[in-house]
Structures are given as structure tokens and as C-alpha cells.
Amino acid sequence: MGETYLRYHDGIETPKPDEDAVIDKIIASMIRESGTTAKRYGHAVRASHAKVSGVVVGELHIPDNLPPELAQGLFARPGTHPVVVRFAQGPGELLKDSVSTHRGMAIKVFGVEGEKLPGHDAPTQDFVLATGPVFPNPDAAGFLGSMKQLELGTKAPEDVKVIVSKMAQAANTLVKTFTGKDTPIFDFFGHAPKHPLAEPYYSQAALRYGDHVAKLGAFPATAAQGALADATLDPGADPDVFRHAVTAQFREAEAVFEIRVQLCTDLDAMPIEDASKEWSDTKSPYRTVARLVLPVQVADSPARLAYADDVLGFRPAHSLAAHRPLGSLMRARLKTYAALSRFRHERNAVSEVEPRGIADVPA
């Protein structure tokens, strides 16, 4: 079965000649955006996924019976790893939840041994995920075009952003009625107000998966989370409804996500340089490689929220070499996350310290 999957090789990426210059322009635009919000709040926040809805700890359980094509990298050896997980809204602003956009789930896995990417020497592996199986833009150049609009939009009144989000939701609902699928750009700006623990999250772009190439996702796996998926929240009645929903659920029940990978079988049909193209589930379904178990706990501990917001960094570059991010969008993320984190920490006069273990995460 493994021989049907694409084999990773070092020349698998095909960057465009002007890509570095494009990424530099993305960084400049996002730092300007971050400067605008830092002046507004008197404190620098993340340039994306700024508003947290919960920070929790738990464990990643890797089984001992994975087939060879799935037993790769972090998942090559069975065992249990501590994790910290941050759930957040998409914008790089602290907006009321009626601006309901895409959402994120960032996972930091501890106790990870093996060759890391250059500049990362801690025993950790980060996976930065978002709602939606694809990204609205295919590559760095496409994102730069969108970033120019996002930078301008940061200065717009919040009520205008509420209207844009509702219009995008309505447009996405209409299109989905006829096609059965979300429209990535509409979903990016107008994601339905679903419970954050009831939705799947995706890497959206590709990464190395040991001997292979894959996309990765986290899928809700308990009956309680399934029940939450049938309801929508009301951000009009509560400007912090997503955080309140997450914290309320963790007071009552654990949340479990299956970590699944979708192995690439064909670079033409499943490209790594175009993050906007969905890989066919028929050609290669998502397959479970681990379970992320997040027990009952306080998900909005002030100390932990402050630590996750101001000290912690979640980056694609915090990675095993075996899970190196791939493609134009990921190469942009490798550079932009580092530059934006440096801006945020310097602006706030806080040192970014990569934790060595779960004991470093406040209760």
C-alpha cells in the first residue's frame, strides 16, 4: 500500500524566483498591521489569531499499530506526549465575536526527539491549524494581494467588520446550498458561528511526512462534541461567546480530537505549491495517526492565557525535519511567523521562551 504514495525528496518544492521579495513585502505589511493594533490596545497582539478562546493542556496518544506509511516522524514510535493547545479567532485584532471569521487551533507537543529544523533546538513540535481544508490564496504572491486589503481593513470601524463578516457568511451559505462546499474566501471572512470544539482544523498546506508528503487535520471525536456540532452560537448576544462556550464545555467534559493525515499520491492532482487546491478524499482519505485528549480543566486560567498570548510562540518552524512545512505558503509562514513574533515580543518587552516541558506551562 505504501508504494502508492508519493515519496518525499529534497527537490520536491519549486519556488518562484521572486518569492523572497514577495515574502519580505508580506512581513512589512503584517508588521505595519501589528503596529496599528499595538497603538490601539497599548499592547502588541498576534498578527493573526489574536483573540484567544481557550488554552488547555492534555496528551497526544500515538498507537503502536500504525502501518509503515503512517508510522513516520513524530508518529513513528508509539507513546504519549504532553501538549498545550491554544484555540483562537482568526483576525489579528481583539474583535467582538460577531466578526465571525475562520478560527485556529495551535498544538505544541512536548518530549519530541529527533532532528529539528534549523534554529529550533527544543524538544517540541508545533502544528498550526485552521478551520477549512484549504487556504483562500494559492501561494505567497496571492496572499500578498489579500494582505494589502487586510492591512487597510484593520483601520476600519469594528461595526463595518461585523457587516462584512455577516455578508460573507450569507454568501457562503448561498453557494454551499448549490455546491455542497464552503467557498474558502467567504469562509475566511464569514465562518459560521459553530462551537470551536465541534469543528475540524487543518494544516491547509502540505508538510513533509517522513518518507512521504501529507496534509494534517484534527477532527472532533467524542459524542459530546458531535452534539455541539448541530448547534450555532449567538455572537450577537455575547461578544465573547466562543471563549465562554469553550470554557463551559471544558468544565463539564473532555474534548478529544483524532489527528489524521492525508498522504499525497500525485503532485498534479494534489499540489504542494497551491494551498488553495483541495486534495481529493477519494484519492487519499484522511487516516488517524493519534488521539489528542484534552481533559476537564479550567480553559481560561488568567496565568495560562497570559503565558500563551505573550510568551509562547506557535510556529511551523518549531518542527522536526521529518515534518518540514512545504510549498510557497508554508515557506512564507516560516519567515513571517519569526519576524512577527520578534516584533510582538520586543514591543511588549517580553522574552519569547520556548518551554522545555509541560511543567513550564502555568496552571
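The values are calculated or read from the model by the stated rules, or taken from the named source; none is laboratory data. All figures in this text were calculated on a predicted structure; none of them were measured in a lab. All Cβ positions, glycine included, derive from the backbone under ideal geometry; neighbour counts span all protein chains shown. The area values use the complete protein model at the heavy-atom level, side chains included, leaving out ligands, DNA and RNA. Shrake-Rupley method; radii C 1.70, N 1.55, O 1.52, S 1.80 Å.
Taking only protein heavy atoms into account and a 1.4 Å probe, give the accessible area per residue of the chain in Å².
42
For the residue pair Ala76 and His9, what label-to-label distance in nm results when each label sits 7 Å from Cα along the Cα-to-beta-carbon direction?
Inter-label distance under the simple model: 2.1 nm.
What number do you get for the range 234-363 when its Cα radius of gyration is normalised by 2.2 N^0.38 Å, N = residues?
Normalised Rg, Cα atoms only: 1.33.
Report the extension gain between Lys39 and Asp211 in nm, rounded to one decimal, defined as 0.36 nm multiplied by the number of residues separating them, less their alpha carbon distance.
Working it through step by step, the gained length comes to 57.3 nm.
Only four residue types carry charge here, +1 at the Cβ of Lys and Arg and -1 at the Cβ of Asp and Glu. Report the dipole size of the chain about the Cα centre in Debye, rounded to the nearest 20.
640
Would you be so kind as to identify which of Gln262, Ala299, Phe75 lies farthest towards the positive end of the dipole of the chain, taking Lys and Arg as +1 and Asp and Glu as -1 on Cβ and the Cα centre as origin?
Ala299
Expressed as cubic angstrom per residue, what is the convex hull volume of the alpha carbon set of the range 22-93?
Once divided by residue count, the hull of the range 22-93 is 135 Å³.
If a paramagnetic tag sat 7 Å from the Cα of His61 along the Cα-Cβ line, which residues of the range 255-282 would have the backbone N under 20 Å from that point?
The answer is 255-261, whose backbone nitrogens lie closer than 20 Å to the label point.
From the Cα gyration tensor of the range 54-123, with a ≥ b ≥ c the square roots of its eigenvalues, which class applies: rounded if a/c is under 1.5, or else prolate if a/b is larger than b/c, or else oblate?
Here the range 54-123 falls in the prolate category.
Looking at the square roots a ≥ b ≥ c of the eigenvalues of the Cα gyration tensor of the range 1-147, which shape do they give, rounded for a/c under 1.5, prolate if a/b is larger than b/c, or oblate?
On the way: a/c = 2.07, a/b = 1.37, b/c = 1.51.
In terms of gyration-tensor shape, oblate.
Fully extended, how many nm does the chain gain between Lys335 and Thr288 (0.36 nm per residue separation, minus their Cα-Cα distance)?
Gain in length upon complete extension: 13.9 nm.
Calculate the all-directions average of the projected area of the chain's alpha-carbon convex hull, and give it in nm².
For the chain, the mean projected area of the Cα convex hull comes to 17.0 nm².
Would you mind classifying the range 114-184 by shape? Square roots of the alpha carbon gyration tensor eigenvalues, ordered a ≥ b ≥ c; an a/c under 1.5 is rounded, otherwise it is prolate if a/b is larger than b/c and oblate if not.
Prolate, since a/c reaches 1.5 and a/b exceeds b/c.
With only Lys, Arg, Asp and Glu charged, each at its Cβ (+1 for the first two, -1 for the last two), find how big the charge dipole of the range 277-320 is about the Cα centre; round to the nearest 20 debye. Mind showing how you got there, number by number?
Values: 6 positive and 5 negative charges, 64 e Å.
Computed charge dipole of the range 277-320: roughly 300 debye.
Compute and list, largest first, the equivalent-ellipsoid semi-axes of the range 173-241 from the alpha carbon gyration tensor, each √(5λ) rounded to a whole angstrom.
The equivalent ellipsoid of the range 173-241 has semi-axes of 26, 18, 12 Å.
Could you give the dipole magnitude of the range 166-210 about its Cα centre, charging the beta-carbon of Lys and Arg +1 and that of Asp and Glu -1, in debye to the nearest 20?
On the way: 5 positive and 3 negative charges, 6 e Å.
For the range 166-210, the charge dipole is close to 20 debye.
Quick check: net charge around Leu305, other residues with Cβ under 14 Å of its Cβ, Lys/Arg +1 and Asp/Glu -1?
Values: positive: Arg46, Lys51, Arg86, Arg243, Arg304; negative: Asp240, Asp300, Asp309, Asp310.
Taking every other residue near Leu305 into account, the sum is +1.
Which pairs in the list Lys116/Lys215; Lys176/Lys277; Lys16/Lys155 are over 29 Å apart, alpha-carbon to alpha-carbon?
Going by Cα-Cα distance, Lys16/Lys155 fall outside the 29 Å limit.
Would you mind computing, in nm to one decimal, how far apart the modelled labels at Glu352 and Ala170 are, each placed 7 Å from Cα along Cα→Cβ?
Label-label distance for Glu352 and Ala170, simple model: 4.0 nm.
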